[in-house]
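The structure appears right after this line, and notes come after that.
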């Protein structure tokens, strides 16, 4: 285990099972994990907790809620520098292959990961960005 006990990761996802799995993976590696079950709650939690990293789902209350939250976070002075990993199952759920390309305005995230995310992929990206 690496020394990540002073690092906080915020998970924003409407699927409690995904939160529990990712929380267990991250806590085992020493991270403190907090979570929110929707974009609005996640945005509020990010503003107050100022985590070291945010892992954000795309599809929650709406199909693009995660994109909107990412843009809100990037537009706020206190949260704009927090690394963002976006998790998505859009390709799986829509059946349409979609290529993600970061964009400062529309998709202002650091990394896209497809759900279900492999534990090592999540950990390696969190470690790299925190």
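The values are calculated or read from the model by the stated rules, or taken from the named source; none is laboratory data. Being a predicted model, the structure only gives us computed values, none of them experimental. Cβ: placed from backbone, ideal geometry, glycine included. Neighbour counts: every protein chain shown.
So, in segment 71-86, of the ones that are touching a helix residue (DSSP H, G or I) at 6+ places or on another chain (Cβ under 9 Å) and part of a helix (DSSP H, G or I), which residue ends up surrounded by the fewest Cβ atoms within 10 Å (Cβ to Cβ)?
Taking the candidates together, the pick is 72.
Go through the residues of segment 49-70 one by one and say whether even a single one is assigned to a helix (DSSP H, G or I), free of Cβ contacts under 8 Å to residues at least 24 places away in the same chain and more than 21 Å from residue 116 (Cα to Cα).
no
Restricting the search to segment 44-65, which residues are more than 24 Å from residue 4 (Cβ to Cβ) and crowded, with 18+ Cβ neighbours inside 10 Å?
58, 59, 60, 65
Considering every residue within segment 33-46, establish whether at least one is closer than 16 Å to residue 117 by Cα, assigned to a helix (DSSP H, G or I) and without any contact (Cβ under 8 Å) to a residue 24 or more places away in the chain.
Scanning segment 33-46 turns up no residue that is closer than 16 Å to residue 117 by Cα, assigned to a helix (DSSP H, G or I) and without any contact (Cβ under 8 Å) to a residue 24 or more places away in the chain.
Among the candidates 91, 120, 125, single out the residue that is at pLDDT below 90, on the phi < 0 side of the Ramachandran plot and part of a helix (DSSP H, G or I).
91
Within segment 1-32, how many residues are in contact with a strand residue (DSSP E or B) (Cβ under 6 Å, 6 or more places away or on another chain), part of a loop (DSSP other than H, G, I, E, B) and farther than 19 Å from residue 61 by Cβ?
Selection size over segment 1-32: 1.
Would you mention how many residues in segment 23-36 are surrounded by fewer than 23 Cβ atoms within 10 Å (Cβ to Cβ) and within 14 Å of residue 87 (Cβ to Cβ)?
Going through segment 23-36 one residue at a time, the tally reaches 3.
Here are the criteria: (1) in contact with a helix residue (DSSP H, G or I) (Cβ under 9 Å, 6 or more places away or on another chain); (2) farther than 19 Å from residue 130 by Cβ. Tell me which single one residue 10 does not satisfy.
Evaluating residue 10 over (1) in contact with a helix residue (DSSP H, G or I) (Cβ under 9 Å, 6 or more places away or on another chain); (2) farther than 19 Å from residue 130 by Cβ leaves (2) as the failure.
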